[in-house]
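Colleague: Here it is, the structure, as structure tokens.
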Amino acid sequence: MSFTKTTEQASHYQHLEQMPVSDLLLHINNEDKTVPLAVEKALPQIEALVQEIVAKMKMGGRLFYIGAGTSGRLGIVDASECPPTFGVPFDLVIGIIAGGDAAIRKAVENAEDNPNQAWIDLNAYTLTPNDVVIGIAASGTTPYVIGGLQACNEQGIATGCITCNAGSPLALTAKYPIEVVVGPEFVTGSSRMKAGTAQKLVLNMLSTATMIQLGKVKGNKMVDMQLSNAKLVDRGTKMIMDETNVNYETAEQLLLTHGSVRKAVIFFQNQEKA
């Protein structure tokens, strides 16, 4: 089938090399302003996928992101931030990139061109029908990603995608497609720019909304976050102070003793009732 790859269309701006820095930054910023509006149009699609992820995770499922290049890296970033932010296991949200971990820092030649490799990579995790696999590809044509979702569909595994071209082969393959059409990039074809920003915004929504639905946020606080550095210990201590009205030293001791804001507050409240 043929479709319009707006991510590959010519930039609206000419002679970039002749522009002063101030104009370059102004025009990039103006283009970036259009991205949230494009994401807004996809909110119903995003909601449908969140509902599916939540339902599957409540049955013990996991969430997988697969992608190549920038798209793969964005998936890995989102997956890696879920454990420290929400206190979930490291194997609940998993990012997989074409070419393996070496591709996180350096492009691996032809890694995205093998339509069978994603399923091989996913098989290392023994997928079940309770899992969800989301393919990320700005173009919507990456063989690695499309092939992975096709194999998942054949095995009865729920599939979603994030792409920036309407009507792409990837969107037609995914059961829950998300299409955020951001138009031509400032530098023609450089989909790490607006398309990458759009993908990041959608990933933020998917993981955050899912974790809130799973009870990993109380009020507006990350009560299950991991205490992996001094900044987070300080943040957690202040959360406990807000909830219990104890002083900083007492709150900090409660946090360090119980290991999370949630557990510390529950302990304190139970002590108060006793």
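Colleague: Of the numbered conditions (1) closer than 14 Å to Leu203 by Cβ; (2) in a helix (DSSP H, G or I), Ile94 satisfies every one except a single condition; which is it?
Modeller: The one condition Ile94 does not meet is (2).
Colleague: For segment 132-188, list the strands (runs of 3 or more DSSP E) that sit wholly inside it and hold at least 2 residues that are modelled with pLDDT under 95 and closer than 16 Å to Ala38 by Cβ; which are they? If you could, list the steps in order and put the result at the bottom.
Modeller: On the way: elements: 132-136, 158-163, 176-179.
Qualifying strands (runs of 3 or more DSSP E): none found.
Colleague: If you don't mind, another one. So if I check each of Arg192, Arg235, which one is more than 25 Å from Asn153 (Cα to Cα), open to solvent by 20 Å² or more (accessible area, probe 1.4 Å) and either assigned to a helix (DSSP H, G or I) or touching a strand residue (DSSP E or B) at 6+ places or on another chain (Cβ under 8 Å) (or both)?
Modeller: Working: Arg192 fails: either assigned to a helix (DSSP H, G or I) or touching a strand residue (DSSP E or B) at 6+ places or on another chain (Cβ under 8 Å) (or both).
On inspection, the qualifying residue turns out to be Arg235.
So that you can scan it fast, the table gives a plain yes or no per residue for (1) open to solvent by 50 Å² or more (accessible area, probe 1.4 Å); (2) in a helix (DSSP H, G or I); (3) of a type outside the set (Gly, Ala, Ser); (4) at pLDDT 95 or above:
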{"site": "Ala198", "(1), (2), (3), (4)": "no, yes, no, yes"}
{"site": "Leu201", "(1), (2), (3), (4)": "yes, yes, yes, yes"}
{"site": "Leu206", "(1), (2), (3), (4)": "no, yes, yes, yes"}
{"site": "Thr210", "(1), (2), (3), (4)": "no, yes, yes, yes"}
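Rundown of residues vs (1) outside any loop (DSSP other than H, G, I, E, B); (2) more than 20 Å from Asn114 (Cα to Cα); (3) open to solvent by 20 Å² or more (accessible area, probe 1.4 Å); (4) at pLDDT below 95, yes/no style:
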{"position": "Ala38", "(1), (2), (3), (4)": "yes, yes, no, no"}
{"position": "Ala48", "(1), (2), (3), (4)": "yes, yes, yes, no"}
{"position": "Ala55", "(1), (2), (3), (4)": "yes, yes, yes, no"}
{"position": "Phe64", "(1), (2), (3), (4)": "yes, no, no, no"}
{"position": "Gly72", "(1), (2), (3), (4)": "yes, no, no, no"}
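Colleague: Could you grab the pairs with beta carbons closer than 9 Å, sequence gap of 6+ or different chains, first residue in segment 105-130 and closer than 29 Å to Met59 by Cα, second one in a loop (DSSP other than H, G, I, E, B) and polar (S, T, N, Q)?
Modeller: Trp119/Gln155; Ile120/Asn114; Leu127/Gln155; Pro129/Gln155
Colleague: Name the residue, out of Val93, Val181, Val145, that is open to solvent by 60 Å² or more (accessible area, probe 1.4 Å), closer than 20 Å to Gly196 by Cβ, in contact with a helix residue (DSSP H, G or I) (Cβ under 8 Å, 6 or more places away or on another chain) and aliphatic (A, V, I, L, M).
Modeller: Details: Val93 fails: open to solvent by 60 Å² or more (accessible area, probe 1.4 Å); Val145 fails: open to solvent by 60 Å² or more (accessible area, probe 1.4 Å).
Residue meeting the stated conditions: Val181.
Colleague: For residues in segment 216-232 being among the charged types (D, E, K, R) and either open to solvent by less than 40 Å² (accessible area, probe 1.4 Å) or outside any helix (DSSP H, G or I) (or both), which is nearest to Val93 (Cα to Cα)? Quick ask: steps written out before the conclusion?
Modeller: Filtering segment 216-232 down to residues among the charged types (D, E, K, R) leaves 216, 218, 221, 224, 231.
Cutting the leftovers down to either open to solvent by less than 40 Å² (accessible area, probe 1.4 Å) or outside any helix (DSSP H, G or I) (or both) gives us 216, 218, 221, 224.
Working: Lys216: 14, Lys218: 20, Lys221: 20, Asp224: 16 Å.
Among those that are among the charged types (D, E, K, R) and either open to solvent by less than 40 Å² (accessible area, probe 1.4 Å) or outside any helix (DSSP H, G or I) (or both), it is Lys216.
Colleague: Restricting the search to segment 244-266, which residues are in a helix (DSSP H, G or I), over 15 Å from Ala230 (Cα atoms) and more than 33 Å from the chain's Cα centre (by Cα)?
Modeller: Thr244, Thr250 - these are the residues of segment 244-266 that are in a helix (DSSP H, G or I), over 15 Å from Ala230 (Cα atoms) and more than 33 Å from the chain's Cα centre (by Cα).
Colleague: Could you list, in sequence order, all residues of segment 163-215 that are without any contact (Cβ under 8 Å) to a residue 40 or more places away in the chain and more than 25 Å from Ala151 (Cβ to Cβ)?
Modeller: Hits for segment 163-215 are Ser190, Thr208, Ile212, Gly215.
The values are calculated or read from the model by the stated rules, or taken from the named source; none is laboratory data. No experiment lies behind these values; they were computed from the predicted model shown. Quick reminder, even Gly has a Cβ in these numbers, built from the backbone with ideal geometry, and neighbours come from all protein chains shown. For accessibility, only protein heavy atoms count, side chains too; no ligands or nucleic acids. Shrake-Rupley method; radii C 1.70, N 1.55, O 1.52, S 1.80 Å.
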